[in-house]
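A short worksheet on the structure shown next.
The values are calculated or read from the model by the stated rules, or taken from the named source; none is laboratory data. Because the structure is a prediction, the values reported are computed rather than measured. Cβ placement follows ideal geometry from the backbone for every residue including glycine, while neighbour counts extend to all protein chains displayed. Note: accessible area is taken over every heavy atom of the protein model, side chains too, but ligands, DNA and RNA are not part of it. Shrake-Rupley method; radii C 1.70, N 1.55, O 1.52, S 1.80 Å.
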Amino acid sequence: MFADVVVWRSVEGREARFSYAVPPEFVPNLAVGTRARVPFGKGTAMGVVWQLRDEVPELPTIRPLHAVIDALPPYTPEMLDIASWLSSHEIVSLAAVLRAMTPRHLRPFSPALALVADPDQVAQGHVPQGVRLRALWNRLQQRPLPKEALDAAERAAANRLVARGFAKWVERRPDIEATAVAGETLPPSPALTEEQQRAADAVGAAMASKRADRFLLQGVTGSGKTEVYLRLAEWALAQGRSALILLPEIALTPQMEQRFVQRLGARVVVWHSQLNEGERSDAFWHVRTQRAVVAVGVRSAVFLPFADLGLLVCDEEQEESYRQQESPHYDAREVAWARARYHHAPLLFGSATPSVETAYQVKQGRLKPLYLTARFQRRPLPQVQLVDLRKDRPFVGSGGMITQPLLDGLTAALDAGEQAMLLLNRRGYHAVWLCPSCGAAVRCPHCDVALTLHRRKQEDVLICHLCGYATVPPLTCSFCGHRMHGLGFGTQQLETVVQALLPNASVLRMDRDTMERKGAYARAIETFQKRQAQILIGTQMIAKGHDFPYVSFCGVIAADQALFLPDFRAAERTFQTLTQLAGRSGRGERPGHVVIQTYNPDHYAIRYAAQQDVEHFIQEELHVRQQTKTPPFWRLVMLRLVGEDQVAVQRVAAATAETMRQKMARFAEVLGPAPSYRARVEDRYRYQLIVRTRHLATTREAIEAWHDAAFATLRRMHVQAVVDMHPSGLL
Ligand code: ADP
Ligand code: ZN
């Protein structure tokens, strides 16, 4: 027998596979989708068995496989299919795609064990010695305990029970599992409102007749979308199928997990970046062996190897984090759609502020819209007040951040015993560290950006937000010797200022700096939910999805922050963040109040966000997109060339642009090359070309041909080419 293996390390060509002989002792264990260790060049490498065959490959020499890693293949035939499609869809190597699909250190499957009580010991009423052993023994008499459910101390106790003949480890079987799950008492689900029922029924009909239909559930925040997901997931499970719930951001997983586990019990796994390798392996194999039938997770959860999906959901579908920004690029929304078709299951997008592209697909009839027009119990939408920063200046002592109307709103909410949220989309204390005499700012030596000042307990530090480089802020300017100082503000300074203004309020900050520790999101959200803090300050991660019933005030410190970035999505992003944040307030009894500080109160993105008017915003934005020849009317493809030698990168970029222009003259327009918005990151220069087209298939072919042909030259010049077939933005 012979095996074709996709080798992890292989960089040659996109679909490269290598053939190996299978020694007879491996034959019984070897299946397509299994990981194997193979000889590669002078060493060995890991890979995935792509194909098995009997005929001898036509090769001068053929070497044997070294080892088979898995007894159960982590890759199902479906996932291999998806990998193959994704590799050509995104123009990335098969090896890179396969690697992205499973946890990096996925340990091999080992049959799961459960501890069961010895029936004779139970019958005779024997009780072991020792507090720990007795506690475990009491639980064990109720039902078998899965090994993963025990912590280290309990496992030690379990082994002692086994040694004394009270219990034994057995391989877990589905019937054991079923009793464990049946033992849980789950709360009844609430009755749906008429609108929720109508939406659920529409998707439910597709589930019942196994149709891969796409839906958009559009409903303002708090309209009860999550309740609809929960109901649909229950239906999927009732049909014996699984459900995959995707979220854009780790900050949203704790709340969603909580709601799903409460309703559906132990069969739910979560999936996000703060899981450790062991937890990740467990979750993966639970799904693979169908012990878990629901996953709630971020982007890469879309690759979890479910056997029979009955429902796929992308909540907050407009979020760009669904697209992996680094190579290998993939878009979880597109992968979800591919999987929905494979499983004949509906795909449900949910959003209060759908992306412009999705809204366009609805107009074209490719997605069925479902609306939740009223908030649950008809809670009114919040009152939004725009503060024109050109006229209303921030007051003295507010670090240039807070105007009187914002402070008034904030204090009114706190005085009424309610909570408030403040959005500022920049981390740190000062945006830059600057010389007031010559204007020089301290810049990152490795990236083309100014450093941000962060306050630490001991000392201040300047940090690069692109690469993490850190240094002590210099007292004086290295050019003119003048004393330097900080300028501009971030969440950290906002926290300090707010705390000084309202010394009795408890302030909680949520941004990447405060959320580094494992479980930090869940803890922060719980603290705020339990009203142990009155004010939540944060970057855009606080704007989305959360359900905080006691928040009645939201403030936006600088609405224009992202409005003028050179990107076709700048207006859309601004609109969405503002609308989302505004939706956080007034979810409880009292109506919400929102204050947005802006220099551009007349800009349509800000005006429509203040009115919470999604339809008109989309209409106007679609008009702009048509004028500017951007998506969804035109497809943009980005080709980024990256390397340490600026001249080489520039040369390759110019030559590539030239080739592309010739090849694509009839069906696409090639813009650039130009330095990327972030022209240098981690010592690597970045140039980009944008291909604008209405003929994607032909364009893809041309880029593939170029990519495969240019491979050798690029390697020789030490320039890396990254193709983004569907960039979320052009920055
Ligand atoms: P969304 O996901 O659209 O933001 P949620 O599903 O979080 O909305 O609903 C908002 C609030 O209303 C939640 O606290 C939820 O429990 C409650 N809710 C929604 N629908 C129902 C219902 N049919 N019965 C009882 N409570 C509901
Ligand atoms: Zn840097």
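It is to be established whether one or more residues within segment 197-213 are surrounded by fewer than 23 Cβ atoms within 10 Å (Cβ to Cβ), modelled with pLDDT of 85 or more, within 24 Å of the chain's Cα centre (by Cα) and not assigned by TED's automatic domain parsing to the domain that holds THR577.
For segment 197-213, residues surrounded by fewer than 23 Cβ atoms within 10 Å (Cβ to Cβ), modelled with pLDDT of 85 or more, within 24 Å of the chain's Cα centre (by Cα) and not assigned by TED's automatic domain parsing to the domain that holds THR577: present.
I need every pair where a residue in segment 202-219 that is in contact (Cβ under 8 Å) with a residue 12 or more places away in the chain has its Cβ under 7 Å from the Cβ of a residue that is β-branched (Val, Ile, Thr) and buried (at least 18 other Cβ atoms within 10 Å of the Cβ), sequence separation at least 6 or different chains.
Short answer, once both residue conditions are applied: PHE215/VAL203; LEU216/THR358; LEU216/VAL362; LEU217/VAL228.
Among the residues of segment 242-251, how many are at pLDDT 95 or above and either open to solvent by 10 Å² or more (accessible area, probe 1.4 Å) or hydroxyl-bearing (Ser, Thr, Tyr) (or both)?
Result for segment 242-251: 1.
Where in segment 653-731 are there strands (runs of 3 or more DSSP E), lying fully within it, with 1 or more residues that are at pLDDT 90 or above, within 16 Å of ligand 2 (Cβ to nearest atom) and open to solvent by less than 20 Å² (accessible area, probe 1.4 Å)?
Where strands (runs of 3 or more DSSP E) fall fully within segment 653-731 and carry at least 1 residues being at pLDDT 90 or above, within 16 Å of ligand 2 (Cβ to nearest atom) and open to solvent by less than 20 Å² (accessible area, probe 1.4 Å), they are 668-681.
Condition first: acidic (Asp, Glu) and more than 13 Å from ligand 1 (Cβ to nearest atom). Now tell me which residues in segment 213-233 satisfy that.
ASP213
For the condition surrounded by 16 or more Cβ atoms within 10 Å (Cβ to Cβ), away from ligand 1 (no atom under 16 Å from the Cβ), on the phi < 0 side of the Ramachandran plot and hydroxyl-bearing (Ser, Thr, Tyr), what is the one hit in THR471, THR452?
THR452
From (1) buried (at least 17 other Cβ atoms within 10 Å of the Cβ); (2) assigned to a loop (DSSP other than H, G, I, E, B), pick out the condition that doesn't hold for ARG99.
Status for ARG99: all satisfied but (2).
Return only the number of the condition from (1) polar (S, T, N, Q); (2) assigned by TED's automatic domain parsing to the domain that holds ARG393; (3) in a helix (DSSP H, G or I) that GLN650 does not satisfy.
So GLN650 meets the others, but not (2).
Report yes if some residue within segment 142-150 is polar (S, T, N, Q), modelled with pLDDT under 90, part of a helix (DSSP H, G or I) and farther than 25 Å from SER242 by Cα; otherwise report no.
Yes, segment 142-150 contains a residue that is polar (S, T, N, Q), modelled with pLDDT under 90, part of a helix (DSSP H, G or I) and farther than 25 Å from SER242 by Cα.
Which pairs do you get when a residue that is within 16 Å of ligand 2 (Cβ to nearest atom), found in segment 539-565, comes within reach of a residue that is open to solvent by 10 Å² or more (accessible area, probe 1.4 Å) and not basic (Lys, Arg), reach meaning Cβ atoms under 9 angstrom, with the pair 6+ apart or on two chains?
Pairs found: none.
Mind checking which residues of segment 491-540 are modelled with pLDDT of 90 or more, under 19 Å from GLN258 (Cβ atoms) and within 21 Å of the chain's Cα centre (by Cα)?
MET510
So, ALA114, is that one farther than 20 Å from HIS343 by Cβ and assigned to a helix (DSSP H, G or I) or not?
So ALA114 does not fit the description; no.
In this structure, does TRP169 turn out to be in a strand (DSSP E or B), among the aromatic types (Phe, Trp, Tyr) and at negative phi?
Working: in a strand (DSSP E or B): yes; among the aromatic types (Phe, Trp, Tyr): yes; at negative phi: yes.
Here the answer is yes, as TRP169 does meet what is asked.
Which one of these is farther than 20 Å from ALA562 by Cα and within 16 Å of ligand 1 (Cβ to nearest atom): GLN419, GLN404, GLN458, GLN499?
That would be GLN419, the only listed residue that is farther than 20 Å from ALA562 by Cα and within 16 Å of ligand 1 (Cβ to nearest atom).
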